[in-house]
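Chemist: One structure, pasted below without further comment.
The values are calculated or read from the model by the stated rules, or taken from the named source; none is laboratory data. This structure is a prediction, so every number in the text was calculated from the model and none was measured. Positions of Cβ are backbone-derived with ideal geometry, glycine not excepted, and every protein chain shown enters the neighbour counts. SASA here: full protein model, heavy atoms, side chains in, ligands and nucleic acids out. Shrake-Rupley method; radii C 1.70, N 1.55, O 1.52, S 1.80 Å.
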Amino acid sequence: MSYGKFKALKGIDLKIEKGQVAALMGPNGSGKSTLLKSILGLVIPESGKILISGTDIKDGYLYRNNVGYMPQIANYPENLKVRELFDIVKDIRNGFKKTDEELIEKFKIHEISEKYFGQLSGGYKQRVTASIAFLFDPEILILDEPTASLDPLSTEIIKTKILETKKKDKLIIISSHIISEMDELAGRIIYLLDGSVKLNLPVKDIKNGSGERLGKAITRVLSKSPKI
Amino acid sequence: MDKKIFKYILFDLLRNKFILIYSIILMVMSFSIIYIGHDSSKAVITILNLILFIIPLICLIFGTIHFYNSREFIQFLLTQPVNRKNIFRAEYLALSVSLSLGFLIGVGFPVMLYGLSLSGLYLIVTGISLTFIFTALAFLSSVLNKDKVKGIGLSIIIWLYLTIIFDGLVFLVIYFFNDYPIDRFIIILTSLNPIDLGRILMLLQVDVSALMGFTGATFQKFFGSILGKAVSILFMLLWIILPLFISVRIFKKTNF
């Protein structure tokens with residue numbers, strides 16, 4: 001897959017099972033966002049296939065009913081009210097099943113529902129984005145550096161939510177730079193470098209009972225790999 | 001189409017101060033022209049000449065800026081279970097409708113207030129058609145360029161070309177090939193410029209031959225008034241459909 005002349009991902013072959021939190025790691029420009037965006041259909045691969053529950057995502061857009069997404073930074077029209085955005089996403093899924101409003105309550109979205117997005121800070125916008133990502137209880141959650149612009153309290157709320165969601169046998173893919181956070185959350189580490197998968201292992205295999213911190217363990221495993 | 005997306009994008013735009021300022025400026029302009037001039041058909045022509053400049057400029061510049069500002073929101077909508085085409089359609093319709101409303105309030109209202117009859121109605125039709133055409137061109141220039149500055153640059157070039165350079169080129173053609181039967185060729189040339197089409201549609205109605213210029217006279221001679229109007233409206237519709245068709249094709253393949 002390439003962006004213009006720049007190839008962001010090359011020959012990726014990944015299979016991720018549900019019921020886990022998979023952490024997508026790697027340096028800036030390694031293709032993490034591109035990989036996440038191609039699962040969402042924001043980026044269209046030049047070649048290759050992306051299957052979700054056996055269906056090629058090229059075949060339609062309805063698969064996104066079951067995908068929640070939280071981008072690094074979200075921006076909404078300045079003169080749109082928070083309530084109206086929720087109205088839009090609910091209308092898009094008309095006949096939506098029951099919603100999961102836990103985050104809406106914990107983030108106190110009701111207090112700002114009549115405010116315009118132009119009045120909201122980045123952190124508040126990110127809380128709205130998170131609430132929408134989890135709102136329809138999706139089977140797959142794609143979180144692109146979810147805690148980057150959140151305050152510590154909200155970060156804690158999100159983390160708890162992620163772990164609860166995992167227990168419901170869903171798949172959560174998180175891209176992050178914060179290794180300590182991934183140590184708490186992730187069951188699997190996928191390490192990307194220059195658009196290829198360098199590592200795809202469960203956390204317990206990486207640590208291998210050594211009791212090391214995750215960061216150190218990843219470095220050790222990566223340095224053993226002959227490809228680097 | 002997803003009506004809620006359209007509805008709220010429209011709300012967002014109508015709450016935008018820019019549309020309000022646009023209406024006010026148009027309204028001040030229209031009222032002063034109507035007050036100063038005594039002859040109503042002349043007033044319509046003067047307003048026409050002004051909106052032929054203003055509408056393309058505003059739609060192109062504001063349309064392009066709006067598209068780039070909406071990029072992150074479009075990206076958000078694309079992650080929802082919606083067809084790409086519908087998102088583009090909602091964005092386009094909301095912007096054209098809000099700019100048309102601005103125009104209706106700013107020009108339509110004063111003109112109707114003074115009872116300028118059928119020619120006033122044609123002025124409104126022309127203005128709204130131009131709004132839809134140039135919003136479509138603004139979106140085309142936005143989907144063609146990933147970079148905001150390049151997109152706005154292209155929009156300015158389109159405006160300069162269609163309002164200023166094109167007329168010069170037509171004039172040159174007429175000047176050099178005056179001895180040849182170039183009527184048909186001139187009609188083809190005219191249909192290549194939506195602003196000229198708007199002017200002809202209007203002038204065929206008001207019937208001020210002296211102001212009609214070469215292209216207008218040719219149109220009237222060639223088609224007669226009624227067919228001439230129909231042909232110019234048809235060409236204007238093509239000017240909406242073609243840019244949109246191309247834009248949607250590009251938009252469907254764009255990486256966000």
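Chemist: Sketch the reach of a paramagnetic label on A:Leu163 as a point 7 Å from Cα along Cα-to-Cβ, and name the residues of the stretch A:187-218 whose backbone nitrogen lies under 13 Å away.
Modeler: Residues passing the 13 Å test: A:187.
Chemist: With charges set only on the Cβ (+1 for Lys and Arg, -1 for Asp and Glu), what does the dipole of the protein assembly as shown come to about its Cα centre, in debye to the nearest 20?
Modeler: Taking the Cα centre of the protein assembly as shown as origin, the dipole is about 1360 debye.
Chemist: Also, quick follow-up: In Å², nearest 100, what accessible area do chains B and A bury in total when the solvent probe is 1.4 Å?
Modeler: That pair of chains buries around 2700 Å² in total.
Chemist: Considering only protein heavy atoms and a 1.4 Å probe, what is the carbon-and-sulfur percentage of the accessible area of chain A?
Modeler: Carbon and sulfur together cover 51 percent of it.
Chemist: At a probe size of 1.4 Å, how large is the accessible area of B:Phe139, to the nearest 10 Å²?
Modeler: Near enough 0 Å² of accessible area.
Chemist: Right, another one. Which one, A:Gly209, A:Gly118, A:Gly187, has the greatest fluctuation when you compute a Gaussian network model over chain A with C-alpha springs under 10 angstrom?
Modeler: Result: A:Gly209 has the largest fluctuation of those listed.
Chemist: Which distance in Å, rounded to a whole number, links the C-alpha centroids of the stretch A:84-157 and the stretch B:111-172?
Modeler: 39 Å
Chemist: While we're here: Would you mind counting up the charge near A:Ala186? Only other residues with Cβ under 13 Å from its Cβ, with Lys and Arg at +1 and Asp and Glu at -1.
Modeler: +1
Chemist: Give the lysines whose C-alpha is closer than 25 Å to that of B:Lys221, dropping any in the same chain fewer than 8 places away, or say none.
Modeler: Within the straight-line cut-off, B:Lys221 pairs with B:Lys42, B:Lys229.
Chemist: Expressed as a whole number of Å, what is the distance separating the alpha-carbon centroids of the stretch B:67-108 and the stretch A:164-195?
Modeler: Result: 36 Å between the Cα centres.
Chemist: Another question, if that's okay. Can you give the extra length, in nm with one decimal, that the chain gains between A:Lys90 and A:Glu78 once fully stretched, where that is 0.36 nm per residue apart less the Cα-Cα distance?
Modeler: Roughly 2.3 nm would be gained on extension.
Chemist: Where a Cα-Cα gap under 16 Å defines reach, which lysines qualify for B:Lys7, not counting those fewer than 8 residues away within the same chain?
Modeler: A:Lys81, A:Lys90
Chemist: Follow-up. For the protein assembly as shown, what is the calculated [θ] at 222 nm in deg cm²/dmol (nearest 500), taking -39500 (n - 2.57) for each run of four or more DSSP H residues and dividing by its residue count?
Modeler: Mean residue ellipticity, 222 nm, calculated: -19500 deg cm²/dmol.
Chemist: Across the Cα atoms of the protein assembly as shown, what radius of gyration and what greatest pairwise Cα-Cα distance (Dmax) are found, in Å?
Modeler: In Å, with Rg to one decimal and Dmax whole: 28.0, 94.
Chemist: Label point 7 Å out from A:Leu62 along Cα-to-Cβ: which residues of the stretch B:69-90 have amide N under 15 Å?
Modeler: Taking a point 7 Å out along Cα→Cβ of A:Leu62, the residues of the stretch B:69-90 whose backbone N falls under 15 Å are B:81-83.
Chemist: Does any residue of the stretch B:215-256 lose at least 40 Å² of accessible area with all protein chains in place compared with its chain alone, and if so which ones (probe 1.4 Å)?
Modeler: Buried by the other chains: B:Asn255, B:Phe256.
Chemist: In the structure displayed, which of A:Lys167/A:Lys198; A:Lys37/A:Lys108; A:Lys32/A:Lys224; A:Lys18/A:Lys108; A:Lys18/B:Lys146 lie more than 26 Å apart, Cα to Cα?
Modeler: Pairs exceeding 26 Å: A:Lys167/A:Lys198; A:Lys37/A:Lys108; A:Lys18/A:Lys108; A:Lys18/B:Lys146.
Chemist: Moving on to the next point. Under 15 Å from the Cβ of B:Phe222, count the other residues' Cβ atoms, weight Lys and Arg +1, Asp and Glu -1, and hand me the total.
Modeler: Once positives and negatives cancel, what remains is +1.
Chemist: Based on the Cβ-Cβ distance from B:Phe53 to A:His110, what FRET efficiency comes out when R0 is 51 Å, to the nearest 0.05?
Modeler: Computed FRET efficiency for B:Phe53 and A:His110 comes out at 0.60.
Chemist: Can you work out the FRET efficiency for the pair A:Lys216 and A:Ser196, with r the C-beta to C-beta distance and R0 = 30 Å, to the nearest 0.05?
Modeler: Efficiency for this residue pair is about 0.85.
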